[in-house]
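Have a look at the structure below before the remarks.
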Amino acid sequence: MPLDDEIAARAAGLNIAYRHHGATAVLERALRDPEVGNVALVSSFGAESVVLLHMVSVISPGTPVIFVDTQMLFAETLTYQSELAEKLRLTDLRTIRAADSTLAMDDPDGTLHRFSTDACCALRKVAPLENALQGFDAWITGRKRYQGGQRAALEFFEVETPTRLKINPLAHWGREDVEEYMVENRLPRHPLVARGYPSIGCAPCTSPVRPGEDPRAGRWRGEAKSECGIHFIGGKLVRGPLSEEKVA
């Protein structure tokens, strides 16, 4: 069986095996299932990130947690990240950044995002994360179907590359499930949520969301873009950001 077919069959088998499981059970078993392999959690420490971070801290606190510091993040995100890491006692937190030499060459004055948000995301987030994920068989995301757009048909397990899976334990959760989990576990909120930021990315490309808008409407506002490029779109491998019109 070709490698691509093999990992696709593995993902399909895992989705069948876990189809009746809840988020916690999916996460717990995925972290220990030899069919899944070596796993890391990738976290933005954003608006809803504390849910998965808390689950991992309870189930397996030694799980590697990868945090991409684009060096364009809100100061509040960096403070929140530090406070959560300490509160949850995460023992293998890995903060990654683009190399200084790469930034000096491709974005020396920090203004690349004004001319190409795609190029900026690729430089500061996609490439560093790809490097950090080398050696892992799978990684955990906090994506959910209710977030809409390209996330509306998420499964628990996806094929990312011919050798790596992506795990979405919260795929079937609604906004009310996230809220309930946070309240029940008395988890601290990202300070920007109370200021109208239900989805939080880099400071230059994130704006408050008005009542009635999609939760991700404040990301790259005014652009035909809804993902930074680290996720699959339409089942295709993405190594750079794509706009909605490009995947139609």
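Here are the numbers:
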| read-out | value |
| --- | --- |
| Reachable aspartates and glutamates from Lys125, criterion Cα separation under 12 angstrom, eight or more residues apart if same chain | Asp69, Glu227 |
| Long-range HN-HN contacts of Phe157 with modeled amide H, under 5 Å | Asn168 |
| Total charge dipole magnitude, the chain, about the Cα centre, Cβ charges on Lys, Arg, Asp, Glu only, Debye to nearest 20 | 340 debye |
| Estimated dipole of region 1-137 in Debye, rounded to 20 [Cβ of Lys and Arg +1, of Asp and Glu -1, Cα centre] | 380 debye |
| Segments 119-132, 42-55 sorted - mean Cβ within 10 Å per residue, highest first | 42-55, 119-132 |
| Sites Ser207 and Asp5, calculated FRET efficiency, Cβ-Cβ separation with R0 51 Å, nearest 0.05 | 0.75 |
| Residue-count net charge about Arg97 - beta-carbon cut-off 13 Å; Lys, Arg +1, Asp, Glu -1 | 0 |
| Inter-site label distance for Glu179 and Ser82 at 7 Å from Cα along Cβ, in nm | 3.2 nm |
| Pairwise FRET efficiency - Thr161 versus Ala17, Cβ, R0 = 35 Å, nearest 0.05 | 0.95 |
| DSSP bridge pairs, the chain: antiparallel proportion in percent, nearest 5 | 40 percent |
| Chain lengthening between Glu223 and Gln134 when straightened (0.36 nm per residue, less Cα-Cα) | 28.9 nm |
| Region 71-213, dipole about Cα centre (Lys/Arg Cβ +1, Asp/Glu Cβ -1), debye to the nearest 20 | 220 debye |
| Residues with amide H under 5 Å from that of Thr95, placed H, sequence gap 5 or more | Phe67 |
| Cα→Cβ-extended label distance, 7 Å offset, between Thr95 and Arg186, nm | 2.8 nm |
| Estimated [θ] at 222 nm from DSSP helical runs (n ≥ 4, -39500 (n - 2.57)) normalised by residues in the chain, nearest 500 | -9000 deg cm²/dmol |
| Region 3-247: C-alpha gyration tensor shape, a/c 1.5 cut-off, then a/b vs b/c | rounded |
| Sequence of Thr141, Thr111 once ranked by neighbouring C-beta atoms within 10 Å, starting from the fewest | Thr111, Thr141 |
| Local electrostatic count, Val65, Cβ distance below 12 Å [Lys/Arg +1, Asp/Glu -1] | +1 |
| Listed residue (Val36, Ala132, Val65) projecting farthest to the positive dipole end of the chain, Cβ model | Val65 |
| Cut-off 15 Å between beta-carbons: net charge of the residues surrounding Arg210, Lys and Arg +1, Asp and Glu -1 | +2 |
| At most 11 other Cβ within 10 Å, DSSP loop - trypsin sites (Lys or Arg not before Pro), region 1-59 | Arg19, Arg32 |
| Alpha-carbon centroid distance for the pair region 156-174 / region 45-110, whole angstrom | 20 Å |
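Read-outs: derived from the displayed coordinates by stated rules, not from any lab. Note that the structure is a prediction, hence the values are computed from the model and not measured. Every residue, glycine as well, gets a Cβ built from its backbone with ideal geometry; the counts of neighbours run over all protein chains shown.
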